[in-house]
Amino acid sequence: MNLYFGAPRVLAMLMPFLVSHSTFSAELVPTKWELITPVSPFRDAFYHNGFYWIVQKPAYTINRVLRSRDAKQWEEFQSLPSVREGVPQGADVGGFITHLNPLPDGIIARVRREWLLRQEPWTLEQEEVYFYLDDNADAWKMVLRQPPGSSFLLLDAFAASVGGSVVINTEDGWRYSHDNMQTWQRPISSSGSFGAFLYANNKNYIITGPRGEWLFSTDGAFWKRETVPRADNIGTVCAQDICLMVDWYLFGIGNAYHYTDTQGMWHESTFGTARSITSVSFADGLFFASGSSDERAFMGVSTDGVKWTLFPQEFEATFDEVLYSPEQQQWLAYDNFSGALAVSSRVELVDFDNPPQLQVAMKLNSLPDYSGASPGELELLYIPYENTSYELQYSFDFQNWYNDWGQWPIVTGTKPDGIHHYFRWARNPDATNLAYRLAISNN
């Protein structure tokens, strides 16, 4: 996981289908996403220094690194580290970038290479080499040269920085540096078979393992073991002093998720039985969950990783992670297996401490039929907030709003998940220009 930093967001009009609440005050969250031109399948993606970056999978021994400011116009980044650096003159060399990761002030690359010296005694060497490109420098600098270990691990992330120290995962174990990558040491406490993933939450490094255990460290040198609720899960993200772990989907249950409170205690909740979550991530102060329900994709958003708003989208694609560009004031969702990309096209401001009179407005022709509604019915789902009243209203002009539903009887109730409440009413085929809103007021 990459480290993200806060940035201002843009206010725009929103017409969501699902409404949830948080204990946070006014927040701008992306709700509508637009699929854009995909790219070829790739290995790594991240945001750094004004650009979205993509590292495409190597064809034979050739990498392509692409970058873009808006995720629509991509350019090939030509200034890659040289696989020949440090190799004897006249040797045949081949190699490719296995990973590219951002650090706060630059980019670190892990290169796997082999070279053959065609003279007696003939020498074939295979090794990992780590290069660093400072944001203010013109050339890559070799920071570590490490012979490969017994296995070749293609981790999702291999480098992170907390408090000035840098930790990387090499093929034969962890290394940390406290002197700007001039020298490297092994952790004093052994990480054993840990190494499935590495990420940081601005305070700790966290390594996940295969047996329901994690390792925590503040400096990369000393590590502490802790047991977590579920070793087998679809994804884990740590940010804003909590960790969120999402379980695999179970029929009739959906995706349960575990989260820590400020004291480090684990709690459990669920996204609902009809929703299948495929990934979780964090970008610009927001947690994201990508998934599908009734053959439609949705993007879930949360300010605290606990209470979620799930917004249906007009496509079926799901995504691995969400990135944020403060320059573009835009979120980018990606799936590296298919190369699918989507950008946020609409955001909404919601103040849950002091709810405005209008929080949700919808046009009739933008609402789908939900599985809980009969043919010809419409359904609006929401999660109620304490000491708050909700009223469904309609309008012909977005100016004058009415609640006399005698001609279209309303049914209210609670979904089987016990979380979502609903308003359900008959679709009026002759009133295609009607708009609806959920009026919210404090008791």
Original post:
Taking region 253-288 as the search range and keeping residues that are modelled with pLDDT of 85 or more and in a loop (DSSP other than H, G, I, E, B), which one is farthest from residue 230 (Cα to Cα)?
Top reply: 284
**OP:** Take residue 197 and decide whether it is at pLDDT 80 or above, under 19 Å from residue 161 (Cβ atoms), surrounded by fewer than 20 Cβ atoms within 10 Å (Cβ to Cβ) and not aliphatic (A, V, I, L, M).
**Re:** no
**OP:** For residues that are modelled with pLDDT under 70 and not polar (S, T, N, Q), scanning just region 146-187, find the one that is most open to solvent (accessible area, probe 1.4 Å).
**Re:** 156
Original post:
What about residue 204, is it at negative phi, open to solvent by less than 30 Å² (accessible area, probe 1.4 Å), in contact with a Phe, Trp or Tyr (Cβ under 7 Å, 6 or more places away or on another chain) and modelled with pLDDT of 80 or more?
Top reply: no
Subject >> region 109-127, residues that are within 18 Å of residue 88 (Cβ to Cβ), part of a strand (DSSP E or B) and not hydroxyl-bearing (Ser, Thr, Tyr) >> reply: 111, 113, 114, 115, 116, 117, 124, 125, 126, 127
Subject >> Counted residues, region 399-423 - those being at pLDDT 80 or above, open to solvent by 40 Å² or more (accessible area, probe 1.4 Å) and in a strand (DSSP E or B) >> reply: 5
Original post:
For region 289-349, which strands (runs of 3 or more DSSP E) that fit wholly inside it have 2 or more residues that are over 25 Å from residue 257 (Cα atoms)?
Top reply: none
Original post:
within 22 Å of the chain's Cα centre (by Cα), modelled with pLDDT of 90 or more, closer than 17 Å to residue 325 by Cβ and open to solvent by 50 Å² or more (accessible area, probe 1.4 Å): does that describe residue 75?
Top reply: no
**OP:** Take region 78-108 and flag every residue that is part of a loop (DSSP other than H, G, I, E, B), within 27 Å of residue 339 (Cα to Cα) and open to solvent by less than 50 Å² (accessible area, probe 1.4 Å).
**Re:** 81, 83
**OP:** Output the residue which, of all residues in region 289-329 that are at pLDDT below 90 and charged (D, E, K, R), is surrounded by the fewest Cβ atoms within 10 Å (Cβ to Cβ).
**Re:** 295
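The values are calculated or read from the model by the stated rules, or taken from the named source; none is laboratory data. Fair warning: this is a prediction, and the values are worked out from it, not measured in the lab. Glycine gets a Cβ as well: all are built from the backbone with ideal geometry, and neighbour counts include every protein chain shown. Remember, those area values only see protein heavy atoms, side chains included, never the ligands or the DNA or RNA. Shrake-Rupley method; radii C 1.70, N 1.55, O 1.52, S 1.80 Å.
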